[in-house]
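Report on the structure given below.
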């Protein structure tokens, strides 16, 4: 968005006021997307999904799929229709909605602890698939049951839907419940056959928390953040070693087509 072109005198006033700028940009994008109908339909292979657009971040994600189209295509090829899929770090539902529409008798569970994104995730799933095909959970999958603080990498905090740069911390942000995947299974949640993980560096903790549940998981699609792993005292090498020791063969699926740095995609398959 070009604020100078929109309102010639507003740009100088907003210098040094990032929160005010973000609020104005968010309002601009809401007006623009409403004028365009407020949604965008996306096709990946034979599967389509329709996403709501209320912010610039949502618009860009629906337009480019976060640079992850090839990864989504690969995941959808692994879904025959009857699986249970866990989408850990579901955001606004880029993967979750397409998976839900690809399922015939299975179910996808979208885990998203950030409240703004979780509301948009639920709304996007509502407009795409029958409630039998999906569920939404607000817990943060972790290596222990308890609670933590969900912080944002943005200096503004979480102010718009589609922002996915959140992480668990001991300070800042707001309190969220943390659960081990193994604990959720003990509570009666169906074990996943396919697992997608995008948790901004907490990949190792999520995998550790799955425990014996990993024995039911045949494929894992993982967004690996080598630098962000270090905030939790682990490394990308630790994550790959854990998966190999758990019996998976690994394949690198490249990096985001959008040029986003500091991340690569990994598929683990039995």
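Cut-off is 10 Å between beta-carbons; in what order do 258, 170, 96, 84 appear when sorted fewest neighbours first?
The most exposed by this proxy come first: 170, 258, 84, 96.
For all pairs of alpha-carbon atoms in the stretch 66-269, what percent lies in each bin of width 5 Å, listed from the first bin to the last filled one?
1, 8, 16, 21, 23, 18, 9, 3, 0
Using the Kirkwood radius over Cα pairs, work out the Stokes-Einstein diffusion coefficient for the stretch 206-270 at 4 °C and 1.567 mPa s, in µm²/s as a whole number.
The Stokes-Einstein estimate is 104 µm²/s.
So for each of 69-76, 43-50 I average, over its residues, the number of other beta carbons within 10 Å; can you give me the resulting order with the highest mean first?
69-76, 43-50
Could you work out how much longer the chain between residue 145 and residue 171 gets when fully extended? Use 0.36 nm per residue separation minus the Cα distance between them, nm to one decimal.
7.6 nm
Rounded to the nearest 5, what is the percent of antiparallel bridges among the DSSP beta bridges in the stretch 181-270?
So the antiparallel bridges in the stretch 181-270 amount to around 70 percent.
Given C-alpha coordinates of the stretch 48-139, what is the ratio Rg to Rh with the Kirkwood estimate of Rh?
0.93
Laboratory data are not the source of any read-out in this text; all were calculated from the coordinates shown. Keep in mind the model is a prediction, meaning the values are calculated, not measured. For neighbour counting, all protein chains shown are included, and Cβ atoms are generated from backbone atoms with ideal geometry for every residue, glycine included.
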